[in-house]
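Below is one structure, written out as structure tokens, with a few remarks after it.
The values are calculated or read from the model by the stated rules, or taken from the named source; none is laboratory data. Just so you know, these numbers come straight off a predicted model, no measurement behind them. Cβ placement follows ideal geometry from the backbone for every residue including glycine, while neighbour counts extend to all protein chains displayed. Just so you know, the surface numbers come from the protein's heavy atoms only, side chains and all, with ligands and any DNA or RNA stripped out. Shrake-Rupley method; radii C 1.70, N 1.55, O 1.52, S 1.80 Å.
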Amino acid sequence: MRFLRRNQPSTVAADAAGEGADGAAADGDAQTGRTGGKGRPTPKRRDAEKRRRGPAPPPPRTQREAMKLAKANRPSKEERRVQAAERRARMDAGDDRYLPPRDRGPLRAYVRDIVDSRRHLIGLFMPLAALVFVSILVPFRELQTFISILAFGFMVAMVIEGVLLGRQIVAKARAKFPKEEIKGFPIGWYAFSRASQPRKLRVPRPRVQVGDNP
């Protein structure tokens with residue numbers, strides 16, 4: 001049995017040729033600056049983002065944990081103040097995205113413009129109510145009687161003006177928006193409630209001046 005044997009000439013030549021080829025390939029890659037492949041497929045972006053973010057946190061198991069999580073995710077007091085101021089500014093400007101449902105739409109905006117373009121006796125409703133309340137606290141029967149009669153007369157005049165104003169605005173709105181179904185009482189009541197508010201307290205703020213033709 002032979003433990004030692006000489007390499008055959010063909011085997012030695014083949015090994016030398018292989019080493020030469022590998023060396024040439026390595027030299028060529030080094031000269032061109034190229035490297036071999038990664039040997040694995042490129043991961044998808046979604047999978048990479050999942051690995052980067054980590055697993056989703058478990059849901060809260062108790063009410064206390066839920067309250068603690070909500071408090072942690074709640075914006076700071078300063079941020080809430082800024083957000084509230086921004087919402088208020090957009091409401092005052094008449095942005096439909098921030099207005100209540102009853103104030104949205106071009107029809108309601110047109111009604112507001114008509115109401116804001118003139119002065120109304122209905123606008124004295126709140127000051128008159130405050131005057132009546134003060135008269136109740138004053139222990140003078142003659143003054144209370146006078147204020148009650150005055151308030152009653154103003155109330156009658158306000159009701160008459162409100163009815164006329166509602167009819168006029170409904171007629172103008174139907175002429176302005178002929179393709180839209182306009183119900184008389186909701187639009188008339190909306191105009192009455194708008195006119196009964198002091199001009200400085202109206203939301204959205206008036207965008208026309210008194211005397212303008214909307």
(message) Take the conditions in a helix (DSSP H, G or I), at pLDDT below 90 and open to solvent by less than 60 Å² (accessible area, probe 1.4 Å) and apply them to ALA173. Does it pass?
(response) no
(request) Might you check whether a residue that is of a type in the set (S, T, N, Q), without any contact (Cβ under 8 Å) to a residue 24 or more places away in the chain and in contact with a helix residue (DSSP H, G or I) (Cβ under 6 Å, 6 or more places away or on another chain) occurs anywhere in the range 181-202? (result) no
(request) Having 1 or more residues that are at pLDDT 85 or above is the bar; report the helices (runs of 4 or more DSSP H) wholly within the range 50-166 that clear it. (result) 77-93, 106-116, 125-137
(request) Please enumerate the residues belonging to the range 101-148 that are out of contact with any Gly (no Cβ under 9 Å at 6 or more places or on another chain), open to solvent by less than 50 Å² (accessible area, probe 1.4 Å) and within 26 Å of GLU181 (Cβ to Cβ). (result) GLY105, LEU107, TYR110, VAL111, ASP113, ILE114, VAL115, ASP116
(request) Taking LEU124 as the residue in question, decide whether it is of a type in the set (A, V, I, L, M) and over 24 Å from PRO204 (Cβ atoms). (result) no
(message) If I ask for residues that are under 45 Å from the mean Cα position of the chain (by Cα) and aliphatic (A, V, I, L, M), which ones from the range 138-170 would you list?
(response) ALA151, MET155, VAL156, ALA157, MET158, VAL159, ILE160, VAL163, LEU164, LEU165, ILE169, VAL170
(message) Just the residues that are farther than 12 Å from ILE122 by Cβ, open to solvent by less than 30 Å² (accessible area, probe 1.4 Å) and among the hydrophobic types (A, V, I, L, M, F, W, C), please, taken from the range 185-200.
(response) ILE187
(request) Scan the range 110-150 residue by residue and report those that are among the aliphatic types (A, V, I, L, M) and within 30 Å of VAL170 (Cβ to Cβ). (result) VAL111, ILE114, VAL115, LEU121, ILE122, LEU124, MET126, LEU128, ALA129
(request) Within the range 63-95, count every residue that is under 29 Å from PRO204 (Cβ atoms), open to solvent by less than 70 Å² (accessible area, probe 1.4 Å), out of contact with any Pro (no Cβ under 8 Å at 6 or more places or on another chain) and of a type in the set (A, V, I, L, M). (result) 3
